[in-house]
Amino acid sequence: MKTLGAHAYDRHGTALPLFAPGAPYDRALTARVWRLVEKKTDVNLALAMYRDAVAGRFRQLVLCSNDSDAEPALAAIRVDCPSVVIGVVTPVRPPDAGDRRRVSASLARHAHWTRHHILDAELDAAQLPDCVPTRKKPVLRPAHW
C-alpha cells in the first residue's frame with residue numbers, strides 16, 4: 001500500500017544560505033526561498049510500519065531516521081510483534097567527519113540493533129541520477145549536491 005503525506009507551502013519563505021560556486025561560504029549571503037513543510041509523513045510512516053508488522057509482511061524492520069516521533073510505533077511493534085527484529089540507522093556522517101549527533105535514545109531503546117552513521121560512499125550510492133525524467137521537463141540534480 002502506497003502511503004503519501006502532504007506538503008504545505010509558506011510562500012513568504014525563509015532565508016537560506018546562497019550557494020556560489022567557487023566562493024567560500026558566507027552566512028550573510030542568503031536567498032529567500034519558499035518553505036516547503038511536510039505534513040503527516042511521520043504519522044503515515046509509523047502507521048504503515050505497524051500495519052505491515054502486524055500483517056507479518058517482514059521479519060526485520062530497518063528505520064533510517066533519527067526522528068523520535070517514530071518511537072511510539074517502534075514500541076508498539078516491539079510489544080505486539082516480538083518476532084520482528086528492529087534496526088535503527090541514524091542518517092548522519094561518522095563522528096570523525098565532524099558530526100556529533102547521536103542516535104535518538106528513544107528509538108534505540110526499542111531497537112535490537114543500531115547503526116550510528118552512514119558513510120559518504122553509501123550516501124553517494126543512494127543518490128538519484130543527475131537527471132530524472134518526468135512527463136514534463138526532466139529534473140536536474142544541482143551540481144553542488
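The values are calculated or read from the model by the stated rules, or taken from the named source; none is laboratory data. Since we're looking at a predicted model, the values are computed, not measured. Counting neighbours? That spans all protein chains shown, and the Cβs are built from the backbone with ideal geometry, glycine included. Just the protein is used for accessible areas: all its heavy atoms, side chains included, with ligands, DNA and RNA removed. Shrake-Rupley method; radii C 1.70, N 1.55, O 1.52, S 1.80 Å.
Here are the numbers for the structure shown:
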item: The stretch 121-145, residues that are among the polar types (S, T, N, Q) and within 19 Å of the chain's Cα centre (by Cα); result: Gln127
item: Test: Leu29 is in contact with a Ser or Thr (Cβ under 6 Å, 6 or more places away or on another chain) and within 30 Å of His144 (Cα to Cα); result: no
item: Subset tally (residues that are of a type in the set (Lys, Arg), surrounded by fewer than 12 Cβ atoms within 10 Å (Cβ to Cβ) and in contact (Cβ under 8 Å) with a residue 24 or more places away in the chain) for the stretch 2-55; result: 1
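For every residue, the table says whether it meets (1) open to solvent by less than 50 Å² (accessible area, probe 1.4 Å); (2) within 22 Å of Met49 (Cβ to Cβ).
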{"site": "Pro91", "(1), (2)": "no, yes"}
{"site": "Asp96", "(1), (2)": "no, no"}
{"site": "Ser104", "(1), (2)": "yes, yes"}
{"site": "Ala108", "(1), (2)": "yes, yes"}
{"site": "Ile118", "(1), (2)": "yes, yes"}
{"site": "Ala121", "(1), (2)": "no, no"}
{"site": "Leu128", "(1), (2)": "no, no"}
{"site": "Cys131", "(1), (2)": "no, no"}
